[in-house]
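Participant: Sharing a structure below in structure tokens format, with a few things to ask.
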Amino acid sequence: MTAGRRALRVLIVGSGWAAGLHARLLSKHHRNVALMFWGRSGDPARALAARYGAERVAGDWAGAVADERVDAVFITTPPDTHRDIAVAALDAGKDVIVEKPAFLDGGEFDVVEAAAARHGRQVLVAENYLYKPLFRAVREQIRSGALGRVRLVTVDAVKRQAVGGWRADPARAGGGALFEGGIHWVAFLDALGLTIRRARGFFPDAPGGQERSAVFVVEYEEGATGVLSYSWEIPGLLRGLRLSRVYGTRGSLLFESNGLFLLRGHRRLSFPRLSDMLGYRAMLADFVRALTTGAEPEFTIADARRCVELIQDTYDNDPERHP
């Protein structure tokens, strides 16, 4: 938390797509945030700094996160680096924002949470799906009781996506398609207002332990079942149109998985706010609020931990991975 009206100084660690996205939105919508950049390769970080009139911090990442001018460190590097950078930043007295998947397993969460508690700092996880207008609309329909008792949630999140670099290496990514990208939808299923009791994963043809397709099934304490179909190798209808449903004892919802529309019953068609369809603006606004006031974010580290552990449990119980 910053004092007075001084700008919140955020160091973005990493210089890839995510770093550029967050830098653009923070620069455009948050004048009380001053950006700094560090990247393993100097040129991309230098280009980002020049684009936003910011400073590129030289040297190694350890020195960058310890810079006394920095208030918060935003980690956008591959998942296998998150724990060490987060702990170093926390030990240097900084708050931390970390891209999803935040950490590789419960043990890494233990280490990071202990460091945060030791220094009285916050760890925020960049899970934008929980800030999407679509998610908020679906959750409101469930919580209102308009659908009656929810019996079945089916999510279609299949797509064709080229994967290379660290995402193609399960040791660096933490897993395959379900962990690296499907975790968005696991968070979605976890936060609908129902309580997940157990989960199981099915991974067709997962060479080397890194699946490209997965079916993730959850059982809820309230008696409902959730089914997520997620893939990086299946072309979607009409270049990405995907239809998902929530079935209840009094009615049902049909929604386009990307967030284009929501249909309740046969007539109540609505269009969630498209200006922030992916939820990034709302997420970053919540993070800036949390960091400048000390308030808890809407999506907490406990929420992020639960999602990672649900997926890791399905990996651990997969007979193909552990014959």
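The values are calculated or read from the model by the stated rules, or taken from the named source; none is laboratory data. Source: prediction; values computed, not measured. Please note: Cβ atoms are built from the backbone with ideal geometry, for glycine as well, and neighbour counts cover all protein chains shown. For the accessible areas, the whole protein counts, side chains as well, though only heavy atoms, and no ligand, DNA or RNA atoms are used. Shrake-Rupley method; radii C 1.70, N 1.55, O 1.52, S 1.80 Å.
Participant: Restricting to region 293-302, what's the tally of residues that are in a helix (DSSP H, G or I) and surrounded by fewer than 18 Cβ atoms within 10 Å (Cβ to Cβ)?
Facilitator: 2
Participant: A further question follows. Considering only residues of region 19-32 that are open to solvent by 20 Å² or more (accessible area, probe 1.4 Å) and touching a strand residue (DSSP E or B) at 6+ places or on another chain (Cβ under 7 Å), which is nearest to L291 (Cα to Cα)?
Facilitator: Among those that are open to solvent by 20 Å² or more (accessible area, probe 1.4 Å) and touching a strand residue (DSSP E or B) at 6+ places or on another chain (Cβ under 7 Å), it is N32.
Participant: Open to solvent by 50 Å² or more (accessible area, probe 1.4 Å) and small (G, A, S): is that true of G176 in this structure?
Facilitator: no
Participant: Provide a single number: the residues in region 204-257 that are touching a Ser or Thr at 6+ places or on another chain (Cβ under 9 Å), under 15 Å from L152 (Cβ atoms) and of a type in the set (K, R).
Facilitator: Count: 1.
Participant: For region 152-209, what are the residues that are in a loop (DSSP other than H, G, I, E, B), out of contact with any strand residue (DSSP E or B) (no Cβ under 6 Å at 6 or more places or on another chain) and of a type in the set (G, A, S)?
Facilitator: A162, G164, G174, G175, G176, G181, A191, G193, A206
Participant: What about G208, is it farther than 18 Å from K132 by Cα, free of Cβ contacts under 8 Å to residues at least 60 places away in the same chain, open to solvent by 20 Å² or more (accessible area, probe 1.4 Å) and not hydrophobic (A, V, I, L, M, F, W, C)?
Facilitator: Spelling it out, G208 is indeed farther than 18 Å from K132 by Cα, free of Cβ contacts under 8 Å to residues at least 60 places away in the same chain, open to solvent by 20 Å² or more (accessible area, probe 1.4 Å) and not hydrophobic (A, V, I, L, M, F, W, C).
Participant: Can you confirm whether region 29-48 contains a residue that is under 19 Å from A7 (Cα atoms), part of a helix (DSSP H, G or I) and touching a residue at least 60 places away in the same chain (Cβ under 8 Å)?
Facilitator: Taking every residue of region 29-48 in turn, at least one turns out to be under 19 Å from A7 (Cα atoms), part of a helix (DSSP H, G or I) and touching a residue at least 60 places away in the same chain (Cβ under 8 Å).
Participant: Sticking with this one: Criterion first (open to solvent by less than 10 Å² (accessible area, probe 1.4 Å) and farther than 12 Å from L228 by Cβ) does G165 satisfy it?
Facilitator: no
Matching residues to (1) surrounded by fewer than 20 Cβ atoms within 10 Å (Cβ to Cβ); (2) of a type in the set (F, W, Y); (3) touching a strand residue (DSSP E or B) at 6+ places or on another chain (Cβ under 8 Å):
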residue	(1), (2), (3)
F74	no, yes, yes
D80	yes, no, no
A102	no, no, yes
L124	no, no, yes
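Participant: Okay, next question. Examine region 294-301 for a residue that is acidic (D, E), under 23 Å from the mean Cα position of the chain (by Cα) and over 30 Å from V70 (Cα atoms), and state whether such a residue exists.
Facilitator: no
Participant: Being under 20 Å from V153 (Cβ atoms) and at pLDDT below 95 is the filter here; which residues of region 270-298 pass it?
Facilitator: If the condition is that a residue be under 20 Å from V153 (Cβ atoms) and at pLDDT below 95, then S270, P272 are the ones that fit.
Participant: Another question, if that's okay. Would you please name the residue that is nearest to R149 (Cα to Cα), looking only at residues in region 248-269 that are in contact with a strand residue (DSSP E or B) (Cβ under 8 Å, 6 or more places away or on another chain) and charged (D, E, K, R)?
Facilitator: Looking at residues that are in contact with a strand residue (DSSP E or B) (Cβ under 8 Å, 6 or more places away or on another chain) and charged (D, E, K, R), I get R264.
Participant: I've got another one for you. Can you say whether R143 is open to solvent by 20 Å² or more (accessible area, probe 1.4 Å), in contact with a Leu (Cβ under 9 Å, 6 or more places away or on another chain), in a loop (DSSP other than H, G, I, E, B) and basic (K, R), as far as the supplied structure shows?
Facilitator: Taking the combined requirement at face value, the residue does not satisfy it.
Participant: Here are the criteria: (1) at pLDDT 95 or above; (2) of a type in the set (D, E, K, R); (3) more than 25 Å from the chain's Cα centre (by Cα); (4) surrounded by fewer than 16 Cβ atoms within 10 Å (Cβ to Cβ). Tell me which single one D43 does not satisfy.
Facilitator: All conditions pass for D43, except number (1).
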